[in-house]
Amino acid sequence: MAESKFQEGGFKVKGKWPILLLISLLIVGISVSVVAAQEVKNPGTIIEATIGDAESFDPAWAYDTASGEVIINVYEPLIFFDGGHTDKFIPLLATKVPSVENGLISKDGLTYTFPIRKGVKFHNGEPLTPEDVEYSFERAMVQDRDGGPIWMLYEPLLSIQGSRDEEGNIVIDFEDIDKAVEVEGDNVVFHLKKPYPPFLGIIANSWGSIVSKKFCVEHGGWPGTAETWKEYNNPAPGKEVLHSVACGTGPFKLERWEPGVETVLVRNEDYWRKPASVERVIIKVVEEWTTRKLMLQAGDADLAYVPRQYVKEMEGIEGITVYKGLPSLQNLAAFFNFKINPEGNPDIGSGELDGEGIPPDFFSDKDVRLGFAYSFDYETYLRDVWMGEAVQPKGPIVEGLLGVNPEQEVYRFDPKKAEEHFKKAWGGEVWKKGFKMTILYNTGNVQRETATKIFEENIEALNPKFQIEVRPVDWPTYLRDLVHHKLTLFLIGWLADFPDPHNFVYPFMHSKGTFSEWQSYKNPIVDRLIKEGIEEINPEKRKRIYYELQMIYYDDVPSVVLNQASVRHYQRDWIHGWYWNPVIPNGDTGGYFYAMSKG
């Protein structure tokens, strides 16, 4: 999720599928302060100062950018994105990128063959085998945790969204998983149920990482047997065996993780390619902005997260390079929880519509949602918080992808309409009795903090009986409350897993989607249209389907998209090799450290 998971830049449609072309990214919108050479601090170590801590180092579990950033440096997928391109790939643990032309993708698009590289070792010294690759993908589908990324494997491989139904009952046999991924000699073969053109883009990201079967089993993981697989399905948070340990084939090893403080990576000296240029990477959690700024300015941090409202403070600082106007495939939205979990939940007050709280189904009333939608000052938010470097999207699909209807209506700040809908909500009881609730945001994210306060101030101004409190929590806590349906209204960003409109309508609108499932939003018509959209190969027909989905999104208002921003990146002048790719996790702050050097 890309948190993540944001328009300038070059977009075009190539063939039948939309792609984002990022050509010569290192010269796009760059502002460089030219200074005399400075002494490099902490040579051999890259230090990143950011605001979000990892949730898990398990590639089959993690679905946030803080975790994904560590995973792409410790583990490796079969193929990876070619520099800044989201539609071109290089082979990593596979020796070739499959295509129809080289015979590794069947003409019907149902079979993908990956020749597995020899001579690669995991961090525990064990050799990489095709069996490890098969195990990695089967283990991911076996685990299939709630709200995780593995729907992206289930959909192309089994034409379903996961291993369980809405009541949590397992609905597949292990034979289904076993047949989907098979070893054939030195190759691993994937059998798709239907053609799925974004498949390579899915395999190339963090959830496609290859793990060591031996290491997983030694740490209590699934032994790879059909008889035991159900025991390892949907583990509780923190109980996944690779939660805080890691054994990949990547350029860095996990040396230490101190949650809430820092993650330390050390160079893999036995890496199958040339070892990384730097010996260590330290990702520090520094929630307070001034501290991060002083660290970057003093050279105690090489890379730092800079909230958009503080960019003027960074102008003209010696020794810092700024990349501006980088095109993104990400957005930020406010999601309404239709069925809030009341258990031990202080954020809903009394839990009743009595002026001292809200009922768990408060947002199931469409007029409540519309009241919130018309209470947000979008223009001020884009201008003042994002410094004009963002747009209000037409719906969940971001600019630059197929299916964005330029004529689609969007919500505007309109206090009169907000009041009108709040007076209708819950048969007039909301306006008469008022309500009291808390909105959370993740600590250190100033843009989200500001957005919650815009909701607070504008809604409270409508009626003195309306009471909203905003409160920060750390990122892992925010994610846990999100998964357990405890958040009332939650703000979160979405970074594309792969550059296709399906990757936005599915998490935002499908009943099993990442966000919509957490907010208990269901619409059978939407589910049907989303299925038709990913199965349709005619771009014009696909576009019409996504136009219809955008209209339904506007009418149902399950969430409100607040912005799609272009990206900035800040680093010390002595960092070299960084490049921008909009689907690499945390790429705006850190990203793929193997490409970087210092000196």
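The values are calculated or read from the model by the stated rules, or taken from the named source; none is laboratory data. Everything quoted here is computed from the prediction, not taken from an experiment. Every residue, glycine as well, gets a Cβ built from its backbone with ideal geometry; the counts of neighbours run over all protein chains shown. The area values use the complete protein model at the heavy-atom level, side chains included, leaving out ligands, DNA and RNA. Shrake-Rupley method; radii C 1.70, N 1.55, O 1.52, S 1.80 Å.
Overall, the range 117-216 carries a charge dipole of about 520 debye about its Cα centre when +1 sits on the Cβ of Lys and Arg and -1 on the Cβ of Asp and Glu, all other atoms neutral.
Normalised by the number of residues in the range 369-511, the mean separation of alpha-carbon contacts (under 8 Å, six or more apart) gives a relative contact order of 26 percent. The local environment of His502, defined by Cβ-Cβ distances under 12 Å, has a net charge of -4 under the rule Lys, Arg +1 and Asp, Glu -1. Pairs exceeding a 24 Å alpha-carbon distance, out of Lys214/Lys253; Lys121/Lys194; Lys432/Lys522; Lys118/Lys274; Lys214/Lys284; Lys366/Lys394: Lys121/Lys194; Lys432/Lys522; Lys214/Lys284. Modelled label positions at Thr380 and Asn463, each set 7 Å beyond Cα in the direction of Cβ, lie 2.1 nm from each other. Mind running the shape call on the range 438-582? Use the C-alpha gyration tensor, a ≥ b ≥ c as the square roots of the eigenvalues: rounded below 1.5 for a/c, prolate if a/b tops b/c, oblate otherwise. Note, shape of the range 438-582 comes out oblate. Semi-axis lengths, largest first, of the ellipsoid equivalent to the range 369-440 are 29, 15, 11 Å, with √(5λ) applied to each eigenvalue of the Cα gyration tensor. Residues of the range 511-551 with an amide N closer than 16 Å to a point placed 7 Å from the Cα of Ser159 along the Cα-to-Cβ direction: 528-537.
Counted residue by residue at 0.36 nm each, then reduced by the alpha carbon distance between them, the extension gain from Thr225 to Val473 reaches 85.3 nm.
Fraction of C-alpha pairs exceeding 39 angstrom in the chain: 26 percent, rounded to a whole number. Surface exposure of the chain, expressed per residue as accessible area with a 1.4 Å probe, stands at 36 Å². Note that the range 222-346 shows a convex hull volume over its alpha carbon atoms of 254 Å³ per residue. Its residues counted as N, the range 329-387 yields a C-alpha radius of gyration over 2.2 N^0.38 Å of 1.41. For the range 82-161, trypsin sites (Lys or Arg not before Pro) are listed when DSSP marks them as loop and at most 12 other Cβ atoms sit within 10 Å of their Cβ; the list is Lys107, Lys118. Protein heavy-atom surface of the chain, 1.4 angstrom probe: 49% of the accessible area is carbon and sulfur, with nucleic acids and ligands not counted.
The range 53-92 and the range 515-537 have Cα centres separated by 26 Å.
Sparsely packed loop sites in the range 170-273 (the GluC sites (Glu not before Pro) outside DSSP H, G, I, E and B with at most 14 other Cβ atoms within 10 Å) comprise Glu227, Glu269. In the chain, taking the dipole from charged Cβ atoms about the Cα centre, the farthest positive-side position among Asn102, Ile534, Ser375 is held by Asn102.
Dipole check for the chain: with +1 at the C-beta of Lys and Arg, -1 at the C-beta of Asp and Glu, and the Cα centre as origin, the magnitude is about 1160 Debye. Expressed as a whole number of Å, what is the distance separating the alpha-carbon centroids of the range 265-285 and the range 581-599? Comparing the Cα centres of the range 581-599 and the range 265-285, I get a distance of 13 Å. Sorted into 5 angstrom bins from 0, the C-alpha pair distances of the range 448-489 split as 5, 20, 24, 21, 16, 9, 4 percent.
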